[in-house]
Amino acid sequence: MTAQTLNAPITQDVLTLPRKAVEGGKRNLIGLTRPQLRAALIEAGTSERQAKMREGQVWQWLYHWGKRDFAAMTNLAKDYRALLAEKFTIELPEIVSKQVSTDGTRKYLLRINGGHEVETVYIPEEGRGTLCISSQVGCTLTCSFCHTGTQKLVRNLTAAEIVGQVMIARDDLGEWPEQGAPKNETRLISNVVLMGMGEPLYNFENVRDAMKVVMDNEGLTLSRRRITLSTSGIVPEIARTAEEIGCLLAVSFHATTDAVRDRLVPVNKKWNIATLLDTLRDYPRLSNSERITFEYVMLKGVNDSDEDARRLVQLIKGIPAKINLIPFNEWPGAPYERSDWARIEAFSDIIFKAGYASPIRTPRGEDIMAACGQLKSATERARKSRAQIAAEAGV
(Lines give C-alpha, C1' and ligand atoms only; values in the text may rest on other atoms or scores of the structure.)
Protein backbone atom coordinates (compact mmCIF):
# COMPACT_ATOMS: atom_id res chain seq x y z
CA MET A 1 0.00 0.00 0.00
CA THR A 2 1.38 3.41 -0.93
CA ALA A 3 1.45 6.47 1.28
CA GLN A 4 -0.98 8.07 -1.18
CA THR A 5 -3.43 5.22 -0.62
CA LEU A 6 -3.11 5.50 3.15
CA ASN A 7 -3.82 9.23 3.05
CA ALA A 8 -6.72 8.97 0.61
CA PRO A 9 -10.13 9.83 2.08
CA ILE A 10 -12.72 7.08 2.32
CA THR A 11 -15.12 7.52 -0.56
CA GLN A 12 -18.91 7.57 -0.38
CA ASP A 13 -18.95 3.92 -1.49
CA VAL A 14 -17.60 2.75 1.86
CA LEU A 15 -19.28 5.19 4.22
CA THR A 16 -21.68 3.95 6.85
CA LEU A 17 -25.31 3.72 5.82
CA PRO A 18 -27.39 6.57 7.28
CA ARG A 19 -29.40 5.74 10.40
CA LYS A 20 -32.74 6.19 8.64
CA ALA A 21 -31.89 3.90 5.71
CA VAL A 22 -34.18 1.17 6.98
CA GLU A 23 -37.21 -0.68 5.71
CA GLY A 24 -40.30 1.49 5.20
CA GLY A 25 -38.54 4.66 6.33
CA LYS A 26 -38.86 3.63 9.98
CA ARG A 27 -35.91 4.41 12.21
CA ASN A 28 -34.06 1.53 13.80
CA LEU A 29 -33.85 1.94 17.57
CA ILE A 30 -30.94 -0.47 17.95
CA GLY A 31 -27.59 1.29 18.30
CA LEU A 32 -28.97 4.68 19.34
CA THR A 33 -27.27 6.09 22.43
CA ARG A 34 -29.53 7.24 25.27
CA PRO A 35 -29.55 10.89 24.14
CA GLN A 36 -30.22 9.81 20.55
CA LEU A 37 -33.04 7.53 21.66
CA ARG A 38 -34.67 10.27 23.72
CA ALA A 39 -34.41 12.73 20.82
CA ALA A 40 -35.95 10.15 18.46
CA LEU A 41 -38.88 9.56 20.82
CA ILE A 42 -39.52 13.29 21.12
CA GLU A 43 -39.38 13.66 17.34
CA ALA A 44 -41.95 10.88 17.07
CA GLY A 45 -44.39 12.69 19.34
CA THR A 46 -43.37 11.86 22.93
CA SER A 47 -43.67 14.88 25.18
CA GLU A 48 -40.42 16.24 26.58
CA ARG A 49 -41.85 15.78 30.07
CA GLN A 50 -42.26 12.04 29.52
CA ALA A 51 -39.28 11.46 27.24
CA LYS A 52 -36.77 10.53 29.94
CA MET A 53 -39.10 7.95 31.47
CA ARG A 54 -40.03 6.48 28.08
CA GLU A 55 -36.38 6.34 27.08
CA GLY A 56 -35.58 4.29 30.18
CA GLN A 57 -38.51 1.94 29.63
CA VAL A 58 -37.74 1.28 25.96
CA TRP A 59 -34.03 0.94 26.72
CA GLN A 60 -34.66 -1.76 29.31
CA TRP A 61 -36.94 -3.72 27.00
CA LEU A 62 -34.36 -3.64 24.22
CA TYR A 63 -31.15 -4.26 26.11
CA HIS A 64 -32.05 -5.91 29.41
CA TRP A 65 -34.89 -8.17 28.28
CA GLY A 66 -33.87 -8.42 24.61
CA LYS A 67 -37.38 -7.86 23.25
CA ARG A 68 -37.90 -7.30 19.52
CA ASP A 69 -41.65 -6.65 19.50
CA PHE A 70 -43.15 -3.39 20.73
CA ALA A 71 -46.31 -5.31 21.70
CA ALA A 72 -44.25 -7.14 24.36
CA MET A 73 -43.33 -3.88 26.12
CA THR A 74 -46.16 -4.32 28.56
CA ASN A 75 -45.46 -1.41 30.93
CA LEU A 76 -46.20 0.98 28.05
CA ALA A 77 -49.77 1.96 27.17
CA LYS A 78 -51.23 0.22 24.11
CA ASP A 79 -51.55 3.47 22.16
CA TYR A 80 -47.90 4.30 22.88
CA ARG A 81 -46.79 0.85 21.75
CA ALA A 82 -48.76 1.42 18.55
CA LEU A 83 -46.98 4.76 18.07
CA LEU A 84 -43.59 3.07 18.48
CA ALA A 85 -44.52 0.37 15.97
CA GLU A 86 -45.64 3.02 13.49
CA LYS A 87 -42.48 5.13 13.77
CA PHE A 88 -39.72 2.67 14.58
CA THR A 89 -38.31 -0.74 13.92
CA ILE A 90 -36.01 -3.11 15.85
CA GLU A 91 -33.57 -4.43 13.25
CA LEU A 92 -30.63 -6.80 13.77
CA PRO A 93 -28.30 -8.47 11.28
CA GLU A 94 -29.52 -11.78 9.89
CA ILE A 95 -27.75 -15.04 10.69
CA VAL A 96 -26.73 -16.67 7.40
CA SER A 97 -24.89 -19.56 9.03
CA LYS A 98 -23.44 -20.73 12.32
CA GLN A 99 -20.48 -23.06 12.66
CA VAL A 100 -19.38 -24.70 15.91
CA SER A 101 -15.77 -25.78 16.36
CA THR A 102 -14.68 -28.93 18.12
CA ASP A 103 -13.43 -26.67 20.95
CA GLY A 104 -16.85 -25.01 21.33
CA THR A 105 -16.01 -21.81 19.47
CA ARG A 106 -18.99 -20.48 17.49
CA LYS A 107 -18.66 -18.48 14.27
CA TYR A 108 -21.63 -16.55 12.92
CA LEU A 109 -21.86 -15.32 9.34
CA LEU A 110 -24.20 -12.31 9.47
CA ARG A 111 -25.92 -10.48 6.63
CA ILE A 112 -26.38 -6.72 7.01
CA ASN A 113 -28.02 -3.97 4.95
CA GLY A 114 -26.97 -4.06 1.33
CA GLY A 115 -26.57 -7.85 1.35
CA HIS A 116 -23.01 -7.69 2.70
CA GLU A 117 -21.72 -10.16 5.25
CA VAL A 118 -19.51 -10.02 8.34
CA GLU A 119 -18.31 -12.61 10.81
CA THR A 120 -18.61 -12.69 14.60
CA VAL A 121 -16.95 -15.28 16.86
CA TYR A 122 -17.85 -16.47 20.35
CA ILE A 123 -15.06 -18.16 22.34
CA PRO A 124 -16.16 -20.03 25.49
CA GLU A 125 -13.65 -20.40 28.31
CA GLU A 126 -13.75 -21.65 31.88
CA GLY A 127 -15.90 -19.21 33.83
CA ARG A 128 -16.11 -16.65 31.02
CA GLY A 129 -16.83 -16.12 27.35
CA THR A 130 -15.40 -13.67 24.83
CA LEU A 131 -17.27 -12.30 21.83
CA CYS A 132 -15.11 -11.06 18.96
CA ILE A 133 -17.05 -8.53 16.90
CA SER A 134 -16.44 -6.77 13.58
CA SER A 135 -16.52 -3.04 12.85
CA GLN A 136 -16.28 -2.98 9.04
CA VAL A 137 -17.13 -5.09 6.01
CA GLY A 138 -13.63 -5.93 4.88
CA CYS A 139 -10.69 -3.79 5.89
CA THR A 140 -8.68 -0.91 4.47
CA LEU A 141 -5.32 -1.86 6.00
CA THR A 142 -4.21 -4.91 3.93
CA CYS A 143 -2.02 -6.38 6.69
CA SER A 144 -0.24 -9.12 4.80
CA PHE A 145 -0.60 -11.86 7.44
CA CYS A 146 -4.34 -11.31 7.95
CA HIS A 147 -7.01 -13.05 5.88
CA THR A 148 -9.45 -10.18 6.38
CA GLY A 149 -6.81 -7.86 4.93
CA THR A 150 -7.09 -9.57 1.54
CA GLN A 151 -10.72 -8.39 1.35
CA LYS A 152 -11.17 -4.78 0.28
CA LEU A 153 -13.11 -2.41 2.50
CA VAL A 154 -16.76 -2.28 1.46
CA ARG A 155 -18.18 -0.02 4.17
CA ASN A 156 -18.26 0.77 7.85
CA LEU A 157 -20.78 -0.96 10.07
CA THR A 158 -23.43 1.17 11.74
CA ALA A 159 -23.69 1.31 15.51
CA ALA A 160 -26.81 -0.84 15.15
CA GLU A 161 -24.88 -3.50 13.24
CA ILE A 162 -22.12 -3.52 15.86
CA VAL A 163 -24.50 -3.74 18.83
CA GLY A 164 -26.58 -6.26 16.87
CA GLN A 165 -23.69 -8.73 16.89
CA VAL A 166 -23.76 -8.80 20.70
CA MET A 167 -27.54 -9.21 20.77
CA ILE A 168 -27.54 -12.03 18.23
CA ALA A 169 -24.90 -13.94 20.19
CA ARG A 170 -26.98 -13.51 23.34
CA ASP A 171 -29.97 -14.87 21.43
CA ASP A 172 -28.04 -17.95 20.34
CA LEU A 173 -26.61 -18.54 23.82
CA GLY A 174 -29.99 -18.02 25.52
CA GLU A 175 -28.50 -15.34 27.76
CA TRP A 176 -31.44 -12.92 28.03
CA PRO A 177 -33.05 -13.04 31.50
CA GLU A 178 -36.55 -14.41 31.89
CA GLN A 179 -39.13 -12.16 33.49
CA GLY A 180 -40.02 -13.39 36.95
CA ALA A 181 -37.06 -15.79 37.12
CA PRO A 182 -34.42 -15.50 39.89
CA LYS A 183 -31.53 -13.22 38.96
CA ASN A 184 -28.65 -15.11 37.37
CA GLU A 185 -25.21 -13.49 37.65
CA THR A 186 -23.56 -15.97 35.25
CA ARG A 187 -22.34 -14.21 32.13
CA LEU A 188 -21.78 -16.33 29.05
CA ILE A 189 -20.60 -13.19 27.23
CA SER A 190 -18.36 -11.64 29.86
CA ASN A 191 -15.97 -9.85 27.49
CA VAL A 192 -16.21 -8.15 24.11
CA VAL A 193 -13.22 -7.62 21.87
CA LEU A 194 -13.24 -5.43 18.76
CA MET A 195 -10.85 -7.74 16.96
CA GLY A 196 -13.04 -9.01 14.13
CA MET A 197 -13.19 -7.68 10.58
CA GLY A 198 -12.02 -4.11 10.09
CA GLU A 199 -10.04 -1.35 11.84
CA PRO A 200 -12.29 0.04 14.61
CA LEU A 201 -10.59 3.44 14.69
CA TYR A 202 -11.43 4.04 11.03
CA ASN A 203 -15.08 3.79 12.13
CA PHE A 204 -14.70 5.69 15.36
CA GLU A 205 -18.10 7.35 15.85
CA ASN A 206 -20.11 4.19 15.24
CA VAL A 207 -17.80 2.10 17.42
CA ARG A 208 -17.98 4.71 20.20
CA ASP A 209 -21.78 4.89 20.10
CA ALA A 210 -22.11 1.10 20.01
CA MET A 211 -19.83 0.71 23.01
CA LYS A 212 -21.85 3.31 24.94
CA VAL A 213 -24.87 1.07 24.42
CA VAL A 214 -22.97 -2.08 25.40
CA MET A 215 -21.47 -0.45 28.52
CA ASP A 216 -24.72 1.06 29.83
CA ASN A 217 -25.46 -0.35 33.28
CA GLU A 218 -29.21 -0.73 32.67
CA GLY A 219 -28.89 -2.89 29.58
CA LEU A 220 -26.10 -5.11 28.32
CA THR A 221 -23.98 -3.94 31.28
CA LEU A 222 -20.45 -4.78 30.21
CA SER A 223 -17.94 -2.56 31.98
CA ARG A 224 -15.30 -0.72 30.01
CA ARG A 225 -12.68 -3.03 31.52
CA ARG A 226 -14.47 -5.94 29.86
CA ILE A 227 -14.14 -4.37 26.42
CA THR A 228 -10.92 -4.38 24.42
CA LEU A 229 -10.47 -2.41 21.22
CA SER A 230 -7.74 -3.62 18.90
CA THR A 231 -6.10 -1.17 16.53
CA SER A 232 -3.24 -1.35 14.07
CA GLY A 233 -2.13 2.07 15.26
CA ILE A 234 -4.37 4.89 13.99
CA VAL A 235 -2.50 7.47 16.03
CA PRO A 236 -4.89 10.47 15.80
CA GLU A 237 -7.79 8.43 17.21
CA ILE A 238 -5.97 6.75 20.12
CA ALA A 239 -6.24 9.65 22.59
CA ARG A 240 -9.85 10.12 21.50
CA THR A 241 -10.52 6.47 22.30
CA ALA A 242 -9.20 6.98 25.82
CA GLU A 243 -11.35 10.06 26.37
CA GLU A 244 -14.62 9.03 24.66
CA ILE A 245 -14.71 5.25 25.20
CA GLY A 246 -12.16 4.48 27.93
CA CYS A 247 -11.99 0.77 27.17
CA LEU A 248 -8.87 -1.38 27.24
CA LEU A 249 -6.57 -1.04 24.25
CA ALA A 250 -4.78 -3.70 22.25
CA VAL A 251 -2.29 -2.81 19.54
CA SER A 252 -1.51 -5.02 16.57
CA PHE A 253 2.25 -4.55 16.80
CA HIS A 254 3.83 -7.62 15.20
CA ALA A 255 7.31 -6.25 14.43
CA THR A 256 10.22 -4.49 16.10
CA THR A 257 11.62 -2.57 13.11
CA ASP A 258 9.90 -0.19 10.74
CA ALA A 259 11.18 -2.18 7.75
CA VAL A 260 9.36 -5.34 8.87
CA ARG A 261 6.27 -3.56 10.23
CA ASP A 262 5.90 -1.61 6.98
CA ARG A 263 5.46 -4.96 5.26
CA LEU A 264 3.26 -6.63 7.86
CA VAL A 265 1.15 -3.61 8.89
CA PRO A 266 1.27 -1.05 6.05
CA VAL A 267 -0.29 1.73 8.15
CA ASN A 268 3.15 1.87 9.81
CA LYS A 269 4.31 3.86 6.76
CA LYS A 270 2.04 6.67 7.95
CA TRP A 271 2.55 6.38 11.73
CA ASN A 272 5.79 4.54 12.42
CA ILE A 273 6.77 2.62 15.54
CA ALA A 274 8.28 5.62 17.35
CA THR A 275 5.22 7.80 16.68
CA LEU A 276 2.85 5.05 17.76
CA LEU A 277 4.72 4.32 20.99
CA ASP A 278 4.91 8.01 21.93
CA THR A 279 1.11 8.15 21.71
CA LEU A 280 0.62 4.90 23.62
CA ARG A 281 2.62 6.11 26.59
CA ASP A 282 -0.22 8.45 27.52
CA TYR A 283 -3.10 6.01 26.99
CA PRO A 284 -3.23 4.31 30.41
CA ARG A 285 -3.28 7.70 32.12
CA LEU A 286 -5.96 9.17 29.86
CA SER A 287 -8.28 6.15 30.02
CA ASN A 288 -7.48 5.04 33.57
CA SER A 289 -6.63 1.64 32.09
CA GLU A 290 -4.17 -0.64 33.80
CA ARG A 291 -2.06 -1.56 30.80
CA ILE A 292 -1.91 -1.88 27.05
CA THR A 293 -1.86 -5.23 25.31
CA PHE A 294 0.63 -5.61 22.48
CA GLU A 295 -0.47 -8.29 20.02
CA TYR A 296 2.39 -10.03 18.30
CA VAL A 297 1.72 -12.71 15.67
CA MET A 298 4.55 -15.22 15.44
CA LEU A 299 5.76 -15.63 11.85
CA LYS A 300 8.47 -18.13 11.12
CA GLY A 301 11.75 -16.46 10.12
CA VAL A 302 10.13 -13.02 9.90
CA ASN A 303 9.73 -11.54 13.39
CA ASP A 304 10.47 -14.38 15.83
CA SER A 305 14.19 -14.16 16.63
CA ASP A 306 15.74 -13.65 20.06
CA GLU A 307 16.92 -10.29 18.79
CA ASP A 308 13.32 -9.34 18.00
CA ALA A 309 12.25 -10.30 21.53
CA ARG A 310 14.98 -8.20 23.15
CA ARG A 311 14.24 -5.26 20.85
CA LEU A 312 10.53 -5.50 21.71
CA VAL A 313 11.30 -5.26 25.41
CA GLN A 314 13.37 -2.13 24.86
CA LEU A 315 10.74 -0.50 22.64
CA ILE A 316 7.90 -0.80 25.16
CA LYS A 317 10.02 0.16 28.17
CA GLY A 318 8.05 2.49 30.44
CA ILE A 319 4.62 1.47 29.09
CA PRO A 320 2.40 -0.62 31.41
CA ALA A 321 1.95 -3.57 29.09
CA LYS A 322 1.55 -7.24 28.43
CA ILE A 323 2.49 -8.99 25.19
CA ASN A 324 0.08 -11.52 23.71
CA LEU A 325 2.01 -13.90 21.47
CA ILE A 326 -0.25 -15.25 18.74
CA PRO A 327 0.78 -18.37 16.84
CA PHE A 328 0.05 -17.54 13.20
CA ASN A 329 -3.28 -19.02 12.10
CA GLU A 330 -2.85 -20.14 8.52
CA TRP A 331 -5.45 -19.57 5.82
CA PRO A 332 -5.64 -20.64 2.16
CA GLY A 333 -2.89 -18.87 0.21
CA ALA A 334 -1.20 -17.40 3.29
CA PRO A 335 2.35 -16.23 2.47
CA TYR A 336 3.70 -17.01 5.95
CA GLU A 337 4.15 -20.00 8.25
CA ARG A 338 3.62 -20.34 11.99
CA SER A 339 6.77 -20.15 14.11
CA ASP A 340 7.83 -23.45 15.63
CA TRP A 341 6.47 -23.95 19.14
CA ALA A 342 9.93 -24.08 20.71
CA ARG A 343 10.76 -20.75 19.04
CA ILE A 344 7.55 -19.17 20.38
CA GLU A 345 8.33 -20.40 23.89
CA ALA A 346 11.90 -19.08 23.72
CA PHE A 347 10.59 -15.69 22.55
CA SER A 348 8.06 -15.65 25.39
CA ASP A 349 10.72 -16.55 27.94
CA ILE A 350 12.90 -13.56 27.02
CA ILE A 351 9.95 -11.19 27.45
CA PHE A 352 8.84 -12.80 30.71
CA LYS A 353 12.32 -12.55 32.21
CA ALA A 354 12.31 -8.83 31.34
CA GLY A 355 9.28 -8.39 33.60
CA TYR A 356 6.35 -8.49 31.16
CA ALA A 357 3.51 -10.98 30.99
CA SER A 358 3.84 -12.86 27.71
CA PRO A 359 1.03 -15.40 27.39
CA ILE A 360 0.90 -17.53 24.25
CA ARG A 361 -2.62 -17.41 22.87
CA THR A 362 -4.14 -20.85 22.37
CA PRO A 363 -5.50 -21.04 18.81
CA ARG A 364 -9.30 -21.46 18.93
CA GLY A 365 -11.72 -22.35 16.16
CA GLU A 366 -9.08 -23.08 13.53
CA ASP A 367 -11.15 -25.90 12.07
CA ILE A 368 -13.92 -23.43 11.16
CA MET A 369 -11.60 -20.55 10.14
CA ALA A 370 -12.60 -18.60 13.25
CA ALA A 371 -9.15 -18.03 14.74
CA CYS A 372 -7.39 -14.68 14.97
CA GLY A 373 -6.62 -13.29 11.50
CA GLN A 374 -8.78 -15.84 9.67
CA LEU A 375 -12.11 -13.99 9.43
CA LYS A 376 -13.42 -13.19 6.00
CA SER A 377 -17.02 -13.22 4.80
CA ALA A 378 -17.77 -16.09 2.46
CA THR A 379 -19.23 -14.02 -0.37
CA GLU A 380 -16.31 -11.60 -0.38
CA ARG A 381 -13.43 -14.09 -0.32
CA ALA A 382 -10.75 -13.12 -2.79
CA ARG A 383 -9.98 -15.64 -5.52
CA LYS A 384 -6.24 -15.19 -5.30
CA SER A 385 -3.47 -17.72 -5.64
CA ARG A 386 -0.78 -18.16 -3.02
CA ALA A 387 1.73 -16.60 -5.44
CA GLN A 388 -0.46 -13.48 -5.94
CA ILE A 389 -0.90 -12.97 -2.19
CA ALA A 390 2.81 -13.50 -1.53
CA ALA A 391 3.74 -11.00 -4.24
CA GLU A 392 1.45 -8.36 -2.74
CA ALA A 393 2.95 -8.99 0.70
CA GLY A 394 6.47 -8.57 -0.70
CA VAL A 395 7.45 -12.11 0.26
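Descriptive notes on the structure:
- Selection of the stretch 220-254 for residues being without any contact (Cβ under 8 Å) to a residue 60 or more places away in the chain, surrounded by fewer than 23 Cβ atoms within 10 Å (Cβ to Cβ), in a loop (DSSP other than H, G, I, E, B) and not hydroxyl-bearing (Ser, Thr, Tyr) yields 222, 234, 246.
- If you go through the stretch 200-219 and pick out every residue that is touching a helix residue (DSSP H, G or I) at 6+ places or on another chain (Cβ under 8 Å) and in a loop (DSSP other than H, G, I, E, B), you end up with 3.
- Verdict on residue 164 being of a type outside the set (Asp, Glu), more than 19 Å from the chain's Cα centre (by Cα), assigned by TED's automatic domain parsing to the domain that holds residue 227 and part of a helix (DSSP H, G or I): no
- The residues listed here are 207, 213; of these, the one that is touching a residue at least 60 places away in the same chain (Cβ under 8 Å) and within 27 Å of residue 254 (Cβ to Cβ) is 207.
- Residue list for the stretch 306-352, restricted to those being over 28 Å from the mean Cα position of the chain (by Cα), without any contact (Cβ under 8 Å) to a residue 40 or more places away in the chain and either assigned to a loop (DSSP other than H, G, I, E, B) or closer than 29 Å to residue 286 by Cβ (or both): 314
- In the stretch 70-91, the residues that are within 26 Å of residue 110 (Cβ to Cβ) and assigned to a loop (DSSP other than H, G, I, E, B) form Cβ pairs under 7 Å with partners that are at pLDDT below 95 and β-branched (Val, Ile, Thr), at six or more places apart or across chains, as follows: 91/22.
- Contacts under 8 angstrom Cβ, first residue in the stretch 169-181 being without any contact (Cβ under 8 Å) to a residue 60 or more places away in the chain, partner among the hydroxyl-bearing types (Ser, Thr, Tyr) and surrounded by 10 or more Cβ atoms within 10 Å (Cβ to Cβ), 6 or more apart: 173/122
- All conditions in (1) over 30 Å from residue 177 (Cβ atoms); (2) surrounded by 19 or more Cβ atoms within 10 Å (Cβ to Cβ); (3) touching a strand residue (DSSP E or B) at 6+ places or on another chain (Cβ under 9 Å) hold for residue 215, with the sole exception of (1).
- Total residues in the stretch 274-288, condition of a type in the set (Asp, Glu) and either touching a Pro at 6+ places or on another chain (Cβ under 9 Å) or in contact (Cβ under 8 Å) with a residue 40 or more places away in the chain (or both): 1
- Residue within the stretch 144-155 that is touching a residue at least 60 places away in the same chain (Cβ under 8 Å), farther than 30 Å from residue 303 by Cβ and touching a His at 6+ places or on another chain (Cβ under 9 Å) present: yes
- Sole residue being β-branched (Val, Ile, Thr) and at pLDDT 95 or above, chosen from 368, 360, 351: 351
- Residue check for residue 85: surrounded by fewer than 19 Cβ atoms within 10 Å (Cβ to Cβ), at pLDDT 95 or above and touching a helix residue (DSSP H, G or I) at 6+ places or on another chain (Cβ under 6 Å): yes
- Of all the residues in the stretch 282-294, those that are of a type outside the set (S, T, N, Q) and either buried (at least 19 other Cβ atoms within 10 Å of the Cβ) or assigned to a loop (DSSP other than H, G, I, E, B) (or both) number 6.
The values are calculated or read from the model by the stated rules, or taken from the named source; none is laboratory data. Remember, it's a predicted structure, so these values are computed and weren't measured experimentally. Methodologically, a virtual Cβ is constructed for each residue, glycine included, from the backbone with ideal geometry; neighbour enumeration extends over all protein chains shown.
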